[in-house]
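I have placed the structure first, in the form of structure tokens, so that the comments after it can refer back to it.
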Amino acid sequence: MTTDLIIEESDMNEQFNNLDQQCTDIDCYRKLVKNLLDLRRYKSALYWSEKVAVLSQNYPKDVYQMAQCMYMLKEYNRAGHVIKRSELEKKNLLCLTLLIECLYASKEYQEALNLLDSLDIEDLNTSLHEETDIDPVINQINDNTKNDLLASLYLLKAKILEAVDKRSLAIDCYIHALQKSVYMTEALDALVHHEILMSWEEKDLIQNIMPTKQCNDADLHILKYLYEQKLKKYYSSTSTSPQMGHPEKTPNNAQLLNAINEKIKASETVENRKSISTSTAVKGSIKLFSTPSTQTIMSPANKILYDLKNTSASSFSIQSSLSRSMLNCSRTVNTNNKIPSRTAKNSGDIITAKNALRILENSVDILIANAEELFYNCEYKKCLKIIEEILDRDPYHKRTLFVQIGCLMELKDSNALYYMAHKLVDFNPDEPISWYAVGSYYILINKPEQGRRYLTKAVLLDRLFGPAFLTYGHSFAKEKEHDQAMAAYFKAIQLMRGCHLPFLYIGVECGLTKNYEMAEKFFYQAMSLAPLDVFVLHELGVIKYESELYEDAEEIFRTTLSMVTEMCKQKNESLSDRWEPLLNNLGHCCRKNKKLTESLDFHMRALSLKPLNSQTYTSIGFVLALMGRLSEAVENFHKSLALKRDDVITSTILKTVLEDLVEDMVEIEGGDEKENQQQQKHDITANLTSSGETIDYIDVYRQLKFDEREDSADMNLECD
Amino acid sequence: MVDLMNFNLVEVKQDLIKGIIECNKRGLIHSSKWLAELNQGIQIVEFENSLIDANTANAGISHEEFDSYMLAKTYFDCREYDRAAYFTRNSISPVPRFIYLYSMYMAKEKKRLDNSPDNATLLTGNAHLKDLSELMSILNEEYNQKKLDGYGMYLYGVILKKLDLTQLAVTVFLECVHLVPTLWSAWIELSPLIQDTEQLRGLNLPKHWIKTFFIAHTFIEIFVNDTGISLFEELQHAGFEKCIYITSQIAIAYHNKREVDKAIEMFQQILSIDPYRLENLDMYSNLLFVREQKTEMAHLAHKAVQINKYRPETCCVIGNYYSIRGEHQKAILYFQRALKLNPKYLSAWTLMGHEFMELKNTNAAIQSYRQAVEVNRRDFRAWYGLGQAYEIIKMPFYGLHYYKIATQLRPYDSRMLLALGETYEKLDKKSNAIKCYQKACNVGDIEGFAMLKLGKLYEDLKDQENAVNAYKNYVNDERSNSEKNSLIHAYLYLATYYVEKKNFEDATYYAHKVLEIDETKPEAKSILKTIASSRVKQEGDDMAEVNMDLEQSNIVPQEISGEDMDMSTA
């Protein structure tokens, strides 16, 4: 035994002696670490990287590698400590980024911010240059990668700022990030999907960040195409409409334009935003009549509106942000040279730009953009078809799942939603979307109490989760708790700066609480965000109608209708049945404005869009009665009552009409009857207008109904 | 009309056979049944089946879709409509495509029927809107893009009709029958949408032999019975004499014309030719009901049950039978069953309304009648029933409206006019009421009350001349003998009137008439006494006139007391 040991010892000694002569290459270990990292064997990688770092005496690159391994192992504090100890973060951008990332992951936002503030990132850039002289390894990082690095750092900063609720600064940083590297899609997503930017701001942004130096022409095309797809939203389809582009041509609209301008002057915010807007021709061209209102009531809602104006006015302007970041860029970025065109590469990877665009149609992002567009156009069935296709490929695609929730809500397919919500909660209980789905399901099956509980849970998981607040509001609105609904929508406004929907909903709620003036103001706000959104326009019309400005209402409804038909024409479709309320409302307006034939015509069209609607039959009957065609009127009232038996209004009018009809003898005899009838015609109109209360009641009712519909129609527009 | 009747029977037969094949391919069983019946009725010795193109059987089905078509068709035949629709969802060639659309429609309909509540009176109309909207939008789009074939048009029309968009439905059906004239279902669907003769004449119909059938059918549908009968009879002469459909249509027309015996005879004839036929048997039982032939009805009911218990016709026959036996609850049960089997079964709705009226369940009756007029606006009985029901629940304004519609539908039916007049009277519109009664008399009073009513009304209005005329007419009508009280009233009025006018001859005549009736002898005697005394007085002095007033005032209380006595004795 002992001899054996001795022999071994001597062997070892021999080996050591040999080692003296032999050399080992640290680079081999480095390669090993890299391989292990690629294989996701982080623990082993960490082990070896630590050895490398020790061997190379904390050579920066190796320290970085080690920290990276720790980061991968989710040991954020440890990784951060390694970097901090080596103090590399003050010299090396890569290390700084990693450290910030670690701090972000361990939620030490303030420390991260302090660190970022203490170092001038731009200075760090130059120091990196200096360092490259000493450090040949890091020298390999070329300028382009450096831009990417900076972009990613800005992105991180933005995220941290967002986490500490400094949203406007965060937006700034997101834009910086995009400016540094146009490929930093995360930043764009953050801007677009949180509805932070106004639509025109988004357009400006895309215009401005489109790089000329970072890539060649073909790629530029593709990039532009992809990003534009990202921005495709509900109102974009209208803005292309040529007719809408120049509505000022008609005298009516010119008048309106003046009215708007006055209106806008009154509202600081709107003006502010208008100055931002580059597409002034489109924006605001649509009729804002101002209601003659002299005194301002400081209701709670009013106050919020006021505050909102002040805050949003001071908060952010994309122009300034862009110019700031441009300034930065001009200082640092123009080191770039164009990337050589990629013809030298493997021919299999080369495709023409045109082909690429065509093939990219199949990419999930483009598909979902199309699906969203369908969703905003209320084509839920078609939308679901695309969604199915996407989910088949990528069953956990979050954005798609959002749209799917929306569609299912709209189609009231509670079973599918139930199943989906269950699966989501099973697979990722930490994602807000799962709980959002659950909450939506409960609201769909009319259990708002539970629904709200789950929505709250979703919000707890992600404080910036705007859609949850909207749905939250809807659930209150459904229960006619207008104030609470508004409160939820206000919260949504804060989160989704660039989205007009909360404004629209608040407006609707105001209208329901008979605060028409406020409602109007909110609709103008909504319009300033989405100038061509027909839904807003339609709601505005309803408010006008409510405040008995029938001429204005008719005008607005007509404009809406012409916009809608224009849109349909472009898409080569017939008018969809979701516009039935619009036609009916037009019918009501025309009736109020004594255009009975037209009114009848509109109601008839509404009926053909959506048959068997008792309200429409009642309206038709009413118009016919006013025209003196009593028997036809009675027939229509009967149809209405057959569909809805206990309708008080209809039966009241029916009774009146029937009583008047007594005089109207059947055409057994001719002659003297005619005179008689004329008399009656007079009678009945007098009679009906005297029963004006009922009439107004109908209208209110009708409109209520519409609002509900509208609500649900837009319910989940924000899902994505 | 003459050119309508020149048929090339061989051609007709070819059309029929082709039509049967096409309809069978698409699962349109009712059309093919009708066509086959017609086909059976035409016998041509020298007809060769080979004239039919052998390819018809597979035309319209592309080769690659044949398998899925076969599968879907079998599912369809097994009434598994959703499955059928699923397996044809991507089909392009016309027949599988139609199967796809049609089975989607059938699936929705089947589900709706299955889900409908057991109590048929609670059915509400708008449930199918939501179901059909999707299918409707598909069809609408294809229609606008002119991609629909004739059969698709038929389906589109059916849906439009369901959704109460009648105008559009008419145009679609017209286009449909131009494209596929042998699709009898389309004609049948079109027919109730035609309101009157003018509209019928204004239609642009395809030049096809089947058009004559449609016109005749529609004439009967809009109660232009005579024209319909003559058209059908001409058709019979033109080579369709063995077609049972024509005979049954003529029987229906006679039924509408209230020529009960003739209609019964025709139905018996039909039953002898085709003993297992159930179509229109309910109408036959209605006729028997009118004739109160209980045994016949019992026999018919048993027979119908034997043939098929679950046919709406059978249920109606049984319902009628229970109704004549006074078991209204049971009758309602069977009508409800009929409606469960076919919610659009018109006569069941109306009959059920009648039964509810018998049970004094006015609200349910109104519901039933309403459904009936929903199904077919031309069902005057339902309108009339509605009027009655609303009168009972003291809503005369409504009642009036319904009576009016009934009158418009049957301008020559005195019952409607009478009811209308009564309502006017109730609403204190006497002049209108008078017009109605007069018209009722003019068009031929069926029950013989119009004159009495007219007389009473004039009496109320103190228009003695007219009242007397009316009463005279009334008492001259031998039918009035059945109603003793009104008769006495009329006689008394006349007698008093003539006393007043000092026309003692006539007064005595009418007083004697009153005398003939036992219950009123005292009154008659008192009048006769008055006459006698008046005569004396008239001969005596001018003083009589002063007394006349007294006399008259005496008579009136007497009359009343006399009636009171009547009541007590009875």
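Read-outs: derived from the displayed coordinates by stated rules, not from any lab. Quantities reported herein were computed from a predicted structural model and do not represent experimental measurements. Methodologically, a virtual Cβ is constructed for each residue, glycine included, from the backbone with ideal geometry; neighbour enumeration extends over all protein chains shown.
Output the relative contact order of chain B, whole-number percent, from Cα pairs under 8 angstrom with separation of 6+ residues.
Working: 690 pairs, mean separation 34.7, N = 570.
It comes to 6 percent, rounded to a whole number.
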Query raised in the report: Which FRET efficiency value, to the nearest 0.05, is calculated for A:ILE26 and A:SER363 with the Förster distance at 60 angstrom and r the Cβ-Cβ distance?
Result: 0.90
Query raised in the report: Given segment B:201-320, what whole percent of its Cα pairs are spread farther than 26 Å?
Result: 24
Query - Pairwise FRET efficiency - A:HIS193 versus A:SER118, Cβ, R0 = 35 Å, nearest 0.05 - result: 0.65
Query raised in the report: Pairs B:LYS162/B:LYS242; A:LYS381/B:LYS309; A:LYS31/A:LYS74; B:LYS33/B:LYS309; B:LYS303/B:LYS344; B:LYS18/B:LYS108: which exceed 32 Å Cα-Cα?
Result: B:LYS162/B:LYS242; A:LYS381/B:LYS309
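Between A:LYS166 and A:SER574, what is the FRET efficiency for a Förster distance of 56 Å, r being their Cβ-Cβ separation, to the nearest 0.05?
Working: r = 49 Å, r/R0 = 0.88.
Efficiency, from the Cβ-Cβ distance: 0.70.
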Query - Helix axis angle, B:328-341 relative to chain B longest principal axis, alpha carbon, degrees - result: 30
Requested in this report: Can you pull the one-decimal nm distance between simple spin-label points at B:GLN167 and A:THR185, each 7 Å off the Cα toward Cβ?
Outcome: 5.2
Requested in this report: Return the lysines within reach of B:LYS453: Cα separation strictly under 17 angstrom, same-chain partners fewer than 8 residues apart disregarded; answer none if there are no such residues.
Outcome: B:LYS426, B:LYS429, B:LYS430, B:LYS435, B:LYS439, B:LYS462, B:LYS472, B:LYS484
Query raised in the report: Looking at segment B:230-281, which chymotrypsin sites (Phe, Trp or Tyr not before Pro) are in a loop (DSSP not H, G, I, E or B) and have at most 15 other Cβ atoms within 10 Å?
Result: B:TYR276
Requested in this report: Can you pull the one-decimal nm distance between simple spin-label points at A:TYR419 and A:LYS74, each 7 Å off the Cα toward Cβ?
Outcome: 3.2
Requested in this report: Mind pulling the angle between the C-alpha long axis of helix B:294-307 and the longest principal axis of chain B? Nearest 10 degrees, somewhere in 0 to 90.
Outcome: 10
Query raised in the report: If each Cα of segment B:295-358 is one equal point scatterer, what is log10 of I(q)/I(0) from the Debye formula at q = 0.18 Å⁻¹?
Result: -0.53
Query raised in the report: With each label point set 7 Å from Cα along the Cα-Cβ vector, what nm distance links B:ASN376 and A:SER631?
Result: 2.1
Query raised in the report: Helix B:312-324: angle to the longest alpha-carbon principal axis of chain B, degrees 0 to 90, nearest 10?
Result: 20
Query raised in the report: Relative contact order for segment B:227-299 using alpha-carbon pairs under 8 Å, separation at least 6, rounded to a whole percent?
Result: 23
Report summary line: Whole-Hz Karplus couplings 3J(HN,Hα) for segment B:364-381, θ = phi - 60° and coefficients 6.51, -1.76, 1.60, Gly and Pro as x, run 5, 4, 4, 4, 4, 4, 4, 4, 4, 6, 4, 5, 9, 5, 9, 7, 5, 4
